[in-house]
Amino acid sequence: DYLTTQYNHMYKQVKKSLTLHFLLQIMGLLNVLAGALIFYKLLMLFTNSESPVVVVLSGSMEPGVHRGDIMVLVNHDGKFDVGEIVVYKIPGRDIPIVHRIVKAYDEVT
């Protein structure tokens, strides 16, 4: 009877400890996810871009930018020059297009 009581007491303590450990792990995971979301939203604010981070999907930008590279985008108003990298979105497509300007044409008025 004494052993059964001790066993039940230890079982309850271990169960309580495991439950607490599990809850702490969940809280830690939620904390990391919330931090990542806050960082992403702040990056959107500071870069003035709805997609501040993109991954290069093709090798068309090599040798300067390789497939799989991560680019941080900054949206600015102004003139673009040959050699700069631009990102644009085509209506109906979810993935933004990343290209380097290779030639500029004068605007015809």
Would you tally the residues in the range 67-83 being in contact (Cβ under 8 Å) with a residue 24 or more places away in the chain, out of contact with any helix residue (DSSP H, G or I) (no Cβ under 6 Å at 6 or more places or on another chain) and open to solvent by 90 Å² or more (accessible area, probe 1.4 Å)?
2
What number of residues within the range 84-99 are surrounded by 10 or more Cβ atoms within 10 Å (Cβ to Cβ) and either touching a residue at least 60 places away in the same chain (Cβ under 8 Å) or farther than 14 Å from residue 57 by Cα (or both)?
4
Yes or no: the range 33-44 includes at least one residue that is under 30 Å from residue 102 (Cβ atoms) and without any contact (Cβ under 8 Å) to a residue 12 or more places away in the chain.
yes
In this structure, does residue 26 turn out to be exposed (fewer than 11 other Cβ atoms within 10 Å of the Cβ) and either within 30 Å of residue 89 (Cβ to Cβ) or of a type in the set (D, E, K, R) (or both)?
no
Quick one: which of 32, 54 is at pLDDT below 85, β-branched (Val, Ile, Thr) and within 19 Å of the chain's Cα centre (by Cα)?
54
Of the residues 57, 42, 20, only one is assigned to a helix (DSSP H, G or I) and open to solvent by 90 Å² or more (accessible area, probe 1.4 Å); which?
20
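The values are calculated or read from the model by the stated rules, or taken from the named source; none is laboratory data. Not measured: the values here are computed from a predicted model. Quick reminder, even Gly has a Cβ in these numbers, built from the backbone with ideal geometry, and neighbours come from all protein chains shown. Remember, those area values only see protein heavy atoms, side chains included, never the ligands or the DNA or RNA. Shrake-Rupley method; radii C 1.70, N 1.55, O 1.52, S 1.80 Å.
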